[in-house]
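See below for the structure under consideration.
The values are calculated or read from the model by the stated rules, or taken from the named source; none is laboratory data. Being a predicted model, the structure only gives us computed values, none of them experimental. For neighbour counting, all protein chains shown are included, and Cβ atoms are generated from backbone atoms with ideal geometry for every residue, glycine included. In case anyone asks, the SASA skips ligands and DNA or RNA and just uses the protein heavy atoms, side chains included. Shrake-Rupley method; radii C 1.70, N 1.55, O 1.52, S 1.80 Å.
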Amino acid sequence: MIDSSVFQGKKAAYYTLGCKLNFSETSTFGRMLQEMGVVTVADGDQADLCLINTCSVTDVADHKCRQAIHRMVRRHPGAFVVVTGCYAQLEPQRVAGIEGVDLVLGANEKASLIQFLSEAWTEKKQGEALHRHHTVKTKDISSFAPSCSRGNRTRYFLKVQDGCDYFCTYCTIPYARGFSRSATIDSLVRQVRQAASEGGKEVVLTGVNIGDFGKNTGEQFIDLVKALDQVEGICRFRISSLEPDLISDELIDYCAHSRAFMPHFHIPLQSGSDEVLRLMHRRYDRALFARKISEIKRLMPNAFIGVDVIVGMRGETPTHFEETYEFLQSLDVTQLHVFPYSERPGTAALRIEGVVDEPTKRQRSARLLRLSEEKTEAFYSHHIGTRAEVLFEKASKGRAMHGFTRNYVRVELPPAMARPDFDNQIINVVLGDFNHDRTALMAVEVEAPGNF
């Protein structure tokens, strides 16, 4: 039984590290607490409750998590501090040992966050000893915490899947998130209809391995896509990331002709060397990846395609890296997300010979980032002078209003053209040249909402 009086009139501060899935979950936690009477703390005020949602994708991420926890404890002395997320699941005792932390919840327990928090907060008030961390082993993680929330953004983030069965040699995410599991299509459609009723126009599908959707429900990802495409009021859907071996030709064809799924894909490659892909235990080769890119571009020539790449994996020789560079150079993709390989305790990659030193990782990262800039600039340049539909977002104080086209070109609106009623509206614009830091194209003509 949850004692709602524990929460009435309390102020909460939130901090999220890591992926879009984490941000979606934190936003949902915040909404649940708001329904219990908790308000988000204003800047400079003291919080009664601090919630930190952690990441553990690299050792740098672990370090940032510890820093964030210490910082929140210092800023809000005396607050009840709860830590959840991947780092909390993998290192619960270490997190619980940080001074000021009251409660640590793993991947299975965060689905019942309000219950755990209510009980622990009451115990602390009564001076009882806290059971400070609650986690189960990876094989026992089975809960699915629904999440469809926008926080302070225009876009909604819909959690459709959690966990991963792939166990790539470099990755700890399956240990932190558990095995693949999903919500049902019916429940997800209901959540999206609710988002539409709240005025939402764009929904991003999030998860750990989205293409693996439906393993526990007997459903398939393509069926989810078709069902969501029928939800009235939502103008745009984006898929946050898809493993290349799980992108079916049927899915590509459907997205190309769908009502609301955008020509925008995010596909992890990780390496352009077949030998390194085998070391990573990835489930595809270069040929399959190239064929998927080619098929997307055949049906959607203007599609934005982002690609994840890891550099400096154990066993990656200079020859392997050059294969990766040349392969990426040959692909018609838009942007590279480059990650230096990070040693993770307990992973199979630690048994691979051939450690790549840090200076070499930095050098290889820099080369790929330069290639990414060239590809993104060429993609943006192709759109200068064209007309596009842009979903604008409310501007932060002192900053220009911006938004994104259907194919994810970032567009900036000069202050003289911006209007408050453009927020969360799809506006017809003519795209001009780059802005001052070349991160967006400037809108040079706009039409008011409803004029197209």
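Taken together, the residues in segment 354-379 that are buried (at least 18 other Cβ atoms within 10 Å of the Cβ) and assigned to a loop (DSSP other than H, G, I, E, B) amount to 1. Please indicate, with yes or no, whether at least one residue in segment 52-65 is within 24 Å of Lys125 (Cα to Cα) and either open to solvent by 10 Å² or more (accessible area, probe 1.4 Å) or touching a helix residue (DSSP H, G or I) at 6+ places or on another chain (Cβ under 7 Å) (or both). Scanning segment 52-65, I find at least one residue that is within 24 Å of Lys125 (Cα to Cα) and either open to solvent by 10 Å² or more (accessible area, probe 1.4 Å) or touching a helix residue (DSSP H, G or I) at 6+ places or on another chain (Cβ under 7 Å) (or both), so the answer is yes. Of the residues making up segment 309-353, those that are assigned to a loop (DSSP other than H, G, I, E, B), within 27 Å of Pro174 (Cα to Cα) and hydrophobic (A, V, I, L, M, F, W, C) are Met313, Ile352.
Provide a single number: the residues in segment 80-124 that are surrounded by fewer than 20 Cβ atoms within 10 Å (Cβ to Cβ), part of a helix (DSSP H, G or I) and charged (D, E, K, R). Residues in segment 80-124 being surrounded by fewer than 20 Cβ atoms within 10 Å (Cβ to Cβ), part of a helix (DSSP H, G or I) and charged (D, E, K, R): 4 in total.
From the list Thr405, Thr439, which one is surrounded by fewer than 16 Cβ atoms within 10 Å (Cβ to Cβ) and either more than 24 Å from His266 (Cα to Cα) or within 24 Å of the chain's Cα centre (by Cα) (or both)? Step through it out loud before you land on a result.
Values: Thr405 fails: surrounded by fewer than 16 Cβ atoms within 10 Å (Cβ to Cβ).
Result of the check over Thr405, Thr439: Thr439.
Scanning segment 183-201 for any residue that is in contact with a Phe, Trp or Tyr (Cβ under 7 Å, 6 or more places away or on another chain), of a type outside the set (S, T, N, Q) and surrounded by fewer than 18 Cβ atoms within 10 Å (Cβ to Cβ) turns up nothing. For segment 282-297, what are the residues that are aliphatic (A, V, I, L, M), out of contact with any Pro (no Cβ under 9 Å at 6 or more places or on another chain) and open to solvent by less than 50 Å² (accessible area, probe 1.4 Å)? Matches in segment 282-297: Ala290 only. Those residues that are more than 28 Å from Ala303 (Cβ to Cβ) and in a helix (DSSP H, G or I), I need them from segment 380-423; list them, please. Of everything in segment 380-423, those that are more than 28 Å from Ala303 (Cβ to Cβ) and in a helix (DSSP H, G or I) turn out to be Pro420, Asp421.
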